Amino acid sequence: TETEITIQKNENSLRKLEEILTDSGLSPSALNSFINCSLQYYFRYIAGLREEEEMEENMEAATIGSAVHHALEKIYADKVDKVVNADFVETQLKDKQRIEELVREYLSKRFDRESLSTGKNLLLFKVCVKLTEEFLKHEMRNIQQLNDSGVDLKIEMLEGKLEHSISINGKEIKIAGRVDRI
């Protein structure tokens, strides 16, 4: 038989929850975690616990995501408040050397150049480059579809923080998060 796990609310957990809701803000990731499993939310955000294996997987996934994110941010940096067309994206996609340099630039913060040339780290590097290229291919198709519909893609913001407060039962609750691109 399965035993139901229940966490009793106490002053410390309620204080931590209120701090999150009113000071730092509830992120979309944290909100999804709560919706999917309130117990998992408690362990991660209130108690600050994570499974060791999950941490290792998250660190590797986070490294890949951050490297791709870094490359794309640099590629689009000059396009804020400008229309992005398929030709621009295609030019970026064809410049594989630049994509590799941008990925290597990020990964060199965590790994020395030599370790990026062999084994698991080389695989990590290649995955990052491939994911960046795949994103750009997908972006090119999206832009072409938008253009066919008479719409342009314009980047309004890169790397912004968005916040919004709502009043619930007389308390101001903050919803906050970082946005990669608008």
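The values are calculated or read from the model by the stated rules, or taken from the named source; none is laboratory data. A quick note: this is a predicted structure, and the numbers were derived from the prediction, not measured. A quick note on method: Cβ atoms are made from the backbone with ideal geometry, for glycine too, and the neighbour counts reach across all protein chains shown. All accessible areas refer to the heavy atoms of the entire protein, side chains included, with ligands and DNA or RNA removed. Shrake-Rupley method; radii C 1.70, N 1.55, O 1.52, S 1.80 Å.
Listed here are the residues, each with its yes/no results for (1) open to solvent by 50 Å² or more (accessible area, probe 1.4 Å); (2) in contact with an Asp or Glu (Cβ under 7 Å, 6 or more places away or on another chain); (3) in contact (Cβ under 8 Å) with a residue 60 or more places away in the chain.
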{"residue": "H69", "(1), (2), (3)": "yes, yes, yes"}
{"residue": "Y76", "(1), (2), (3)": "no, no, yes"}
{"residue": "N85", "(1), (2), (3)": "yes, no, yes"}
{"residue": "G119", "(1), (2), (3)": "yes, no, no"}
{"residue": "V151", "(1), (2), (3)": "yes, no, no"}
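For region 121-138, how many residues meet the condition of being among the aliphatic types (A, V, I, L, M) and either open to solvent by 70 Å² or more (accessible area, probe 1.4 Å) or over 28 Å from T91 (Cβ atoms) (or both)?
2
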query: On the given criteria, is K161 without any contact (Cβ under 8 Å) to a residue 40 or more places away in the chain, of a type in the set (K, R) and open to solvent by 90 Å² or more (accessible area, probe 1.4 Å)?
result: yes
